[in-house]
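Where a number appears in this text, it was derived from the coordinates with a stated rule and is not lab data. Note that the coordinates shown come from a computational prediction; the quantities given were computed from them, not determined experimentally. Neighbour counts are summed over all protein chains in view; Cβ atoms, including those assigned to glycine, are modelled from backbone coordinates with ideal geometry.
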Amino acid sequence: MSNSPLATTDALAQLSSDLQDVVSADQLITATVELEPYSHDWWPLAAKKAQLDEHDHMPDIAVKVKAVDDVAAVLRYASKRGVPVTTRALGSSVTGQPLPSRGGILLDVTGLTGTPVIDAINHTVTVPAAVRGDDLEAYVREQGFTLGHSPQSLNRSSAGGWVATFATGQLSSRYGGIEDLVVGYTVVLADGRTVKLEARPRAAVGTDLRQIFIGSEGTLGVITEVVLKIFPVPETSIVEAFTLPSVRAGIDAIRTLAQSGLRPSLVRLYDETEARHATGRDDLGLPVLFLGNEGIDSVARAEHAAAIELIGDLGAKSLGAEPVEGWLGRRYDFSTVESYLNASGGYAETIEIAGRWSEIAAIYDALTGALAPLADEVLGHFSHIYNQGTSLYVILLGHTTDNRTAAERIEEIWKVAMTTTLANGGELSHHHGSGLARKPYIGLLDEGAASVARDLKRAFDPAGVLNPGKLFD
């Protein structure tokens, strides 16, 4: 904890004493053995560090929040005293957002739960920030609705975390990312003020302030409640898999779909390597596209037929519904990555970036080529499409001699991936945010945008206590 401004016994004792005037003593965690888990999330590098018994990002103290008032009280205290505060909910980040970089207070907001409130007329649900995604989806499903938001981490991530990290889900081509799905939210600022930001359904009185905190990763405030759109459970859902002659033909196919005006619910293009994993078939040797359409029966069927006609002109050949149905049954399964990480010397990494249609094929070639020497397998897929471009998701699986070497390999993977992406005109991240993994490369982005981001940070957090060391801080 040498990075902490409180790394003396007297300072820590004073912090603990002070916080007992702010929250109940039973809400404080001070024992080292209980603080160590807070220095790790689902970032593969953090997993290897845990196996090495290294806890580089441990807080000095943790506060288990029981109510929004606790959040406000802790932030007021921290801002006055200049004590760093890092917010953490379910810890499902894969890039290190909730890991303290300067010790201080870890604000554990997993206590911000409760029963969601559905507005069946206006099609929204209001939910405490730490409610888990799968619990929320199950709740709205009971009422005949769906969130339309299905990240792979659905069963280990929270509504507030989705907003804070700019999340998106597997059905984004129909429903959009979290920026499209969030109606409003409540955020506690560094000085303890609680602010509700919403639009009913759209507001043109000045800047849309809701956008400021989306993707802010806890550096500008703490999100405590979220209002999300909900949608009627689709009457019909149709899925089908197709082979394509090449990755470039596949990119042309998904670009055609994105720019056609159709709204498929599922679009996932796997390169020939990942296609083996996605379909469970080793005999294809070709990229595979998963396509889905849903909604009112007649519309879903018409859109699916139109989509098939479009991609058929580009060489798509049907494999039927079975490969997609199999994937749907295991789409939240993270066990392959976990098994590699749990093995001594094993490593796995999942890195997503984005690029315009005019550059994404070259980015794919450069990125997979540069990463190939660093893993036993490099898998690639494109899973979120837009008029202007798409995401590219690269998964690396491998084994080295020991956990130390595996940790070093993961760091090397990030360096190669980020520098290659920037050199070829791509975006550093599409939906996992920045955290600690991308922090070293943010300085390579446009300085004009960075200066505006720093101005916002100074305005909302003048003492610089909220999740320091992240984003443009």
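Which Cα, out of Ser4, Ala343, Tyr393, lies furthest along the positive dipole direction of the chain (beta carbon charges, K/R +1, D/E -1)?
Ser4
About its Cα centre, what dipole magnitude does the chain give when the only charges are +1 on Lys and Arg Cβ and -1 on Asp and Glu Cβ, stated in debye to the nearest 20? Walk me through the intermediate numbers first.
Working: 39 positive and 59 negative charges, 192 e Å.
Its charge dipole is roughly 920 debye.
Of Ala67, Ala46, Thr30, which is farthest on the positive side of the dipole of the range 1-100, counting Cα position, with +1 on Lys and Arg Cβ, -1 on Asp and Glu Cβ, and the Cα centre as origin?
Ala67
For the chain, with the dipole built from +1 on Lys and Arg beta-carbon atoms and -1 on Asp and Glu ones, taken about the Cα centre, which of Thr113, Ala366, Ser265 lies farthest toward the positive end?
Thr113
With +1 on each Lys and Arg Cβ and -1 on each Asp and Glu Cβ, and nothing else charged, work out how big the dipole of the range 256-390 is about its Cα centre, in Debye to the nearest 20.
Numbers: 9 positive and 20 negative charges, 61 e Å.
That gives the range 256-390 a dipole magnitude of about 300 debye.
Does the range 335-431 come out rounded, prolate or oblate by the C-alpha gyration tensor, with a ≥ b ≥ c the root eigenvalues, rounded set by a/c under 1.5 and, if not, prolate when a/b is larger than b/c and oblate if not?
Values: a/c = 2.68, a/b = 1.95, b/c = 1.37.
In terms of gyration-tensor shape, prolate.
Contact order normalised by length for the chain, with contacts defined as Cα pairs under 8 Å and 6 or more residues apart; what percent is it?
Details: 1005 pairs, mean separation 77.8, N = 473.
Normalised by residue count, the contact order of the chain is 16 percent.
Assuming a strict under-25 Å limit between Cα atoms, what lysine pair count do you get for the chain once near-sequence pairs (fewer than 8 apart, same chain) are dropped?
23
Given the -39500 (n - 2.57) contribution per DSSP H run of 4+ residues, what per-residue ellipticity at 222 nm results for the chain, rounded to the nearest 500 deg cm²/dmol? Walk me through the numbers on the way to the answer.
Numbers: 18 runs with 172 residues, N = 473.
Using -39500 (n - 2.57) per qualifying helix, the result is -10500 deg cm²/dmol.
Measure nothing fancy, just the Cα-based angle from helix 247-258's long axis to the longest principal axis of the chain, in degrees from 0 to 90, nearest 10.
80
Between the range 221-265 and the range 374-403, how many Å separate their Cα centres?
Rounded to whole Å, the Cα centres lie 19 Å apart.
Among Thr124, Thr194, which comes first, then next, by fewest other beta-carbon atoms within 10 Å? Numbers along the way, then the final one.
Working: Thr124 20, Thr194 17.
Ranked by crowding around the Cβ, least crowded first: Thr194, Thr124.
Return the distance in nm (one decimal) between the two label points of a simple spin-label model at Ala31 and Glu198, each offset 7 Å from Cα along Cα→Cβ.
The answer from the label model is 4.1 nm.
Evaluate the charge dipole of the range 58-109 about its Cα centre and quote only its size in Debye, nearest 20, assuming +1 on the Cβ of each Lys and Arg and -1 on the Cβ of each Asp and Glu.
Values: 7 positive and 4 negative charges, 28 e Å.
Charge dipole of the range 58-109: 140 debye, to the nearest 20.
How high is the relative contact order of the range 117-232? Use alpha-carbon pairs under 8 Å, at least six apart in sequence, and give a whole percent.
Values: 209 pairs, mean separation 40.1, N = 116.
Dividing the mean separation by the residue count of the range 117-232 yields 35 percent.
Can you sort Thr243, Thr219, Thr32 by how many other beta carbons sit within 10 Å, fewest first? Write down the numbers at each step before the final one.
Working: Thr243 20, Thr219 28, Thr32 10.
Least to most surrounded, the residues fall as Thr32, Thr243, Thr219.
Let me check against my output: what whole-number percent is the relative contact order of the range 9-108, with C-alpha pairs under 8 Å and at least 6 apart?
Details: 145 pairs, mean separation 33.1, N = 100.
Once normalised by length, the contact order is 33 percent.
Answer rounded, prolate or oblate for the range 236-330, using the Cα gyration tensor with square roots of eigenvalues a ≥ b ≥ c: rounded when a/c is under 1.5, else prolate when a/b is larger than b/c, else oblate. Walk me through the numbers before you get to the answer.
Numbers: a/c = 2.15, a/b = 1.29, b/c = 1.66.
Verdict is oblate for the range 236-330.
Once both labels are modelled 7 Å past Cα along the beta-carbon direction, what's the Thr405-Ala302 spacing in nm?
In this crude label model, Thr405 to Ala302 measures out at 6.0 nm.
Give the shape of the range 213-252 as rounded, prolate or oblate, defined through the alpha-carbon gyration tensor: a ≥ b ≥ c are the square roots of its eigenvalues, a/c under 1.5 means rounded, and otherwise the shape is prolate if a/b is larger than b/c and oblate if not.
Values: a/c = 6.15, a/b = 1.67, b/c = 3.68.
It is oblate, given that a/c is not under 1.5 and a/b is not larger than b/c.
Output the antiparallel fraction of DSSP beta bridges having both residues in the chain, as a percent to the nearest 5.
Values: 60 of 69 bridges.
Of all bridge pairs located within the chain, approximately 85 percent are antiparallel.
Over 17 Å, how big is the tail of the calculated P(r) for the range 9-108, in percent of all Cα pairs? Walk me through the numbers on the way to the answer.
Details: 2388 of 4950 pairs.
Taking all Cα-Cα pairs of the range 9-108, the fraction more than 17 Å apart is 48 percent.
Share of antiparallel DSSP beta bridges in the range 9-108, in percent to the nearest 5?
Working: 2 of 10 bridges.
The answer is about 20 percent antiparallel.
Across bins of 10 angstrom width beginning at 0, how are the C-alpha pair distances of the chain distributed, in whole percent?
Per 10 Å bin, starting at zero, the Cα-Cα P(r) for the chain comes out as 4, 20, 29, 27, 15, 4, 1, 0 percent.
Please list, by residue number, every one of the trypsin sites (Lys or Arg not before Pro) in the range 199-234 that is coil in DSSP and has at most 11 other beta-carbon atoms within 10 Å. Walk me through the numbers on the way to the answer.
Working: sites: Arg202, Arg210, Lys229; in loops: Arg202.
Within the range 199-234, the qualifying trypsin sites (Lys or Arg not before Pro) (loop, at most 11 other Cβ atoms within 10 Å) are Arg202.
Counting other C-beta atoms within 10 Å, which of Ile118, Ile351 has the fewest, and how do the rest follow?
Listing Ile118, Ile351 from fewest to most nearby Cβ atoms yields Ile118, Ile351.
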